[in-house]
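**Student:** One structure coming up, written as structure tokens, with questions to follow.
Read-outs throughout are calculated quantities, based only on the coordinates presented, and are distinct from any laboratory measurement. Note that the structure is predicted; figures quoted are calculated from it, not measured. We place every Cβ from the backbone using ideal geometry, glycine too, and count neighbours over all the protein chains shown.
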Amino acid sequence: MVAANIHQWPKDYHDAAQAAFNLGDPIQVLHVVPEGPAAIAGVKVGDVLLEVAGKTVPTGKKATEKTAQLLTETLVVGQESSLRVRREGQDTNLRMVPIAACNYGVALTGGDEINAYADGTNIYITSGMLRFAESDTEVSTVLSHELAHNAMGHIGKKTTNYLLGSIFDVVAAAYGVNTQGAFGKMGANTFSQDFEAEADYVGLYVMTVAGQDLSEAPGFWRRMGAENPGSITTQYGSTHPGTAERYLALDKTVEEIRAKQAAGEEIRPNLKKDTKSSK
């Protein structure tokens, strides 16, 4: 679930937050993930959180951050815990069993460019990308791709490659040659196409586990390539796979996943090395 109070927004937005969500000092539920622990427990949008495992939920400034910390310190995966909420003026006691879940943050950034990116900890999507996407499923396609970058450790690997390449820039500089960071950039792009292909592949599995419809995903990337050729290039050294190659791989992955579903197999990507996220 997602919960916050009015102080989560700047003062200029307080009137809007109060009007849209009826927010005040208490922590209030703004969204409940379908079929998640909170939903199963009976939590509803608009509920005010009062207690978690017998501990009082903070109110006022920085209450959102303090509540997140309280939940982290109090709840144990797989262990039932109590939750007390106020709904329409009446207090209600609920029982909730937490599960382990991904905690990568997702943030919307300004800008008209059609883009999204990950930094190893969070995922960022531009306003331009949201306008380009025609459905929630297409947005999920982008987020799943970026989540896969984080989960597979691609950002850290690119940083390592950059540092290794930069060694040659330093050596060249010692001999009076200014490479303008060329070797570092080459190092950062090493295996980038492989990273993008892997993110496409793992991202479709992420979508499947999340209950999303895969049928729109290949078409979305095709449309992006057709309407925004600058976003997905086919030049040698591009950080994305060639257009035709990418689409064929996406279609093949969809077929692979559907075959596993039909056979009742575990929906898990076939990786050369079974890499697990530390998140």
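**Student:** Under a Cβ-Cβ cut-off of 12 Å, what is the net charge of the residues other than Arg258 that fall near it, where Lys and Arg count +1 and Asp and Glu count -1?
**Tutor:** Here the count lands on -3.
**Student:** Hey, another quick one. How much length, in nm to one decimal, is gained on full extension between Thr92 and Asn270, taken as 0.36 nm per residue of separation minus their Cα-Cα distance?
**Tutor:** Extra length available between Thr92 and Asn270 comes to 59.6 nm.
**Student:** Please give the net charge around Leu248, taking every other residue with its beta carbon less than 12 angstrom from that of Leu248, where Lys and Arg add +1 and Asp and Glu add -1.
**Tutor:** -1
**Student:** Long-range amide H contacts for Glu113: which residues qualify at under 5 Å (H placed 1.01 Å from N, peptide plane, sequence gap of 5 or more or a different chain)?
**Tutor:** Placed amide hydrogens put Gly128 under 5 Å from Glu113.
**Student:** Further question: Provide the per-residue ³J(HN,Hα) series for segment 116-123, in order, calculated from phi with Karplus coefficients 6.51, -1.76, 1.60 and θ = phi - 60°, each as a whole number of Hz, with x at glycine and proline positions.
**Tutor:** Listing the rounded values in order: 7, 7, 10, 10, x, 10, 10, 10 Hz.
**Student:** Can you work out the Karplus-derived ³J(HN,Hα) for every residue in segment 199-216? Use 6.51 cos²θ - 1.76 cosθ + 1.60 with θ = phi - 60°, whole Hz, and x for glycine or proline.
**Tutor:** In residue order, the calculated couplings are 5, 4, 5, 5, x, 5, 5, 4, 4, 5, 4, 7, x, 8, 7, 7, 4, 7 Hz.
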